[in-house]
1. Identify, by number, the condition in (1) modelled with pLDDT of 90 or more; (2) surrounded by fewer than 12 Cβ atoms within 10 Å (Cβ to Cβ); (3) more than 10 Å from the chain's Cα centre (by Cα) that Phe78 doesn't meet.
2. Test each condition in (1) modelled with pLDDT of 85 or more; (2) within 13 Å of the chain's Cα centre (by Cα); (3) aliphatic (A, V, I, L, M) for Val61 and report the one that comes out false.
3. Please go through segment 25-47 and give me each residue that is in contact with a strand residue (DSSP E or B) (Cβ under 8 Å, 6 or more places away or on another chain) and of a type in the set (A, V, I, L, M), ordered by number.
4. Hey, could you check segment 3-42 for residues that are farther than 14 Å from Lys57 by Cα, open to solvent by 100 Å² or more (accessible area, probe 1.4 Å) and assigned to a loop (DSSP other than H, G, I, E, B) and say which is modelled with the lowest pLDDT?
5. What pairs can you find where one residue is in segment 26-44 and of a type in the set (Gly, Ala, Ser), the other is open to solvent by less than 100 Å² (accessible area, probe 1.4 Å), and their Cβ atoms are less than 6 Å apart, with a gap of 6+ or different chains?
Amino acid sequence: MNKVIWLGLFLKNEVKENEDRFEALLYLGKRHAERLNEDVEFEKNVKKEALAFVKLKFPSVPIQVIRIMIGSVPYVSFATSIKLD
């Protein structure tokens, strides 16, 4: 399992269920959000960290979508392939 390197990356997190579909909402801190538009490599790393964070934090929930939020605004959403054994 991947280890989350940036422990302070996500300030808040939640899981929402809608018609048996689970979504993880991860809220970025302001100092990290400012880097997203400036650094493409940082954005890729945030996505990797988001996936590792969800696997670590919610191991028994089959998350299909991860939404990275800046405040109440979705910045990026992506599908996952997390499945339960």
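1. Failed condition: (3).
2. Failed condition: (2).
3. Leu25, Leu26, Leu28, Ala33, Leu36, Val46
4. Of everything passing the filter in segment 3-42, Asn37 is modelled with the lowest pLDDT.
5. Ala33/Ile70
The values are calculated or read from the model by the stated rules, or taken from the named source; none is laboratory data. Fair warning: this is a prediction, and the values are worked out from it, not measured in the lab. Reconstructed Cβ throughout: ideal geometry from the backbone, glycine too, with neighbour counts over all protein chains shown. Accessible surface is based on the protein model in full, side chains and every heavy atom, while ligands, DNA and RNA are left aside. Shrake-Rupley method; radii C 1.70, N 1.55, O 1.52, S 1.80 Å.
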